[in-house]
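Report on the structure given below.
The values are calculated or read from the model by the stated rules, or taken from the named source; none is laboratory data. Predicted model only: the values in this text are computed from it and were never measured. Cβ placement follows ideal geometry from the backbone for every residue including glycine, while neighbour counts extend to all protein chains displayed. Calculation scope for accessible area: heavy atoms of the full protein, side chains included, ligands and nucleic acids excluded. Shrake-Rupley method; radii C 1.70, N 1.55, O 1.52, S 1.80 Å.
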Amino acid sequence: MIQNSVLPQSPALLTIAGFDPSSGAGITADLKVFAAHRAYGLAAITAMTVQSTQGVRRVDPVSPESLRQTLNCLAEDLPISGIKIGMLATAPVVGVVADFLENSGIPAANVVLDPVLESSSGRALLSWDGINLLKTRLLPLVGWVTPNLDELQSLTDTQVEAREDIPAVAADLAARIPGLNIVVTGGHLDPPDDFLRTSDGATRWFPGQRIETRSTHGTGCAFSSALLARLVAGDSAPQAVAAAKSYVAEAMQAAVPIGSGRGPLNHLYKL
Ligand code: PLP
């Protein structure tokens, strides 16, 4: 008999994010991360993108009504243990996700927002009015946010240039959004340390080591999905951040070169 190791005991985790056909980032990458953590993955697409490892060429947001019905359809059918939110593309899509969170009954502590604003290739992945709505409506509905330095800067309208700037800017964001847990991902710092500020005001740095590789596409997606999986599995905040950081580092180290640009991590390296 084939052993049923994923269903039905596994938590169902939902990614609300964009589709990257190269599967380095976006929903298909998130599903691989969930599978690597023995969770069952659900996916609601916010936007189709035309992209490869060489960058994003085109973005087509889905109809907000289609997304609304997808989310409601899934929630009517089964219990969703946690949600990871990634690329949202437009303000109406942000609004649909906020409406869903308000009514879903899923605890904010199990909702992780990766505030995807721009691809590394420089393409906008969320409109300006979308960024404003994310700040005012969506952020207060989630328990976790995982900005990189540029995203932290956009969320707070404050310059974040160096490691030393991060604690004060994260404190400023925490003061504006009570109850928020913040992980600033330091992939662009040297060394690439991450910073955690939990909702009780405790702070901690997580040291990283620079890995020389071209396989860095979608590291933010992988980190936020792994963080969600570990939180839903019962880890404390520092345990979950440390485990998600190790997972991403190991998946980068295990990556094989794919494509001629920035390739994917090896999300399923444990297989
Ligand atoms: N495409 C989609 C659908 C994404 O969600 C993301 C990032 O989250 C990207 C592209 C950009 O990934 P990267 O910045 O690693 O190129």
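So how far, in whole Å, is the C-alpha centre of segment 254-271 from the one of segment 34-50?
Computed from Cα coordinates, the inter-centre distance equals 17 Å.
For V183, V256, what's the largest-to-smallest order of accessible area, 1.4 Å probe? Show your work: numbers first, answer last.
Numbers: V183 0, V256 90 Å².
Output order, biggest surface exposure first: V256, V183.
Taking N as the number of residues in segment 65-218, what value does Rg over Cα atoms divided by 2.2 N^0.38 Å take? Please list the in-between numbers first.
Details: Rg = 15.9 Å, N = 154, 2.2 N^0.38 = 14.9 Å.
Cα-based Rg divided by the globular estimate yields 1.07.
Kirkwood hydrodynamic radius, computed over distinct alpha-carbon pairs, for segment 1-158: how many Å, to one decimal?
On the way: mean 1/r = 0.0626 Å⁻¹.
For segment 1-158, inverting the mean 1/r across all distinct Cα pairs yields 16.0 Å.
When DSSP assigns beta bridges and you keep just the ones with both residues in the chain, what percent turn out antiparallel, to the nearest 5?
40 percent
Determine, at each q value in 0.16, 0.23, 0.24 (inverse angstroms), the log₁₀ of I(q)/I(0) that the Debye formula gives when each Cα of segment 101-176 is one equal point scatterer.
At q = 0.16, 0.23, 0.24 Å⁻¹ the computed log10 ratios are -0.62, -1.16, -1.23.
Under the √(5λ) rule applied to the eigenvalues of the Cα gyration tensor, what semi-axes describe the equivalent ellipsoid of the chain? Give them in Å, descending. Show your work: numbers first, answer last.
Values: eigenvalues 111, 101, 82 Å².
So the equivalent ellipsoid measures 24, 22, 20 Å along its semi-axes.
Of I45, I177, which has the most accessible area and how do the rest follow, probe 1.4 Å? It would help to have the intermediate numbers written out before the result.
Numbers: I45 60, I177 20 Å².
Largest to smallest exposure gives the sequence I45, I177.
If N is the number of residues in segment 149-271, what value comes out of its Cα radius of gyration divided by 2.2 N^0.38 Å?
Its radius of gyration relative to the 2.2 N^0.38 Å reference: 1.09.
Let me check I've understood the local charge: for A25, count other residues with C-beta under 13 angstrom from its C-beta, Lys and Arg +1, Asp and Glu -1. What total comes out? Could the numbers behind the result be given before it?
Details: positive: K32, K84, R123, R262; negative: D20, D30, D114, E118.
Local net charge: 0.
To the nearest 20 Debye, how big is the dipole of the chain about its Cα centre, given +1 on the beta carbon of each Lys and Arg and -1 on that of each Asp and Glu?
Working: 19 positive and 25 negative charges, 118 e Å.
Computed charge dipole of the chain: roughly 560 debye.
How much accessible area per residue does the chain have, counting only protein heavy atoms and a probe of 1.4 Å, in square angstrom? Intermediate values should be presented prior to the final figure.
On the way: 12270 Å² over 271 residues.
Spelled out: the 1.4 Å probe surface of the chain, per residue, equals 45 Å².
Compute, for segment 164-271, the length of the dipole vector about the Cα centre, with Cβ point charges of +1 (Lys, Arg) and -1 (Asp, Glu) only. Units Debye, rounded to 20.
Working: 9 positive and 10 negative charges, 71 e Å.
Using only the charged Cβ atoms, the result is roughly 340 debye.
Just want to confirm a number: the relative contact order over segment 144-271, from Cα pairs under 8 angstrom separated by 6+ residues, in percent. Write out the running numbers ahead of the final one.
Numbers: 193 pairs, mean separation 23.5, N = 128.
Across segment 144-271, relative contact order equals 18 percent.
Can you sort D157, D194 by solvent-accessible area, 1.4 Å probe, largest first?
Details: D157 120, D194 10 Å².
Solvent-accessible surface, decreasing: D157, D194.
Per the Kirkwood treatment, what hydrodynamic radius in Å, one decimal, follows for segment 172-228 from the mean inverse distance over all distinct Cα pairs? Provide the component values of the computation, followed by the final result.
Working: mean 1/r = 0.0792 Å⁻¹.
Kirkwood radius, segment 172-228: 12.6 Å.
Amide H neighbours of H217 under 5 Å, counting only residues 5+ apart in sequence or on other chains, H built in-plane at 1.01 Å?
The answer is G263, L265.
In segment 30-117, what percent of the accessible surface is made up of carbon and sulfur (1.4 Å probe, ligands and nucleic acids excluded)?
Working: 1850 of 3650 Å².
Roughly 51 percent of what the probe reaches on segment 30-117 is carbon or sulfur.
Excluding residues fewer than 8 places away in the same chain, name every one of the aspartates and glutamates whose C-alpha is closer than 15 Å to that of K270.
Leaving aside aspartates and glutamates fewer than 8 places away in the same chain, those within reach of K270 are E250.
Which value in nm describes the separation of the simple spin-label points at K270 and D157, placed 7 Å from the Cα toward the beta carbon?
Reported label-point gap for K270 and D157 is 4.3 nm.
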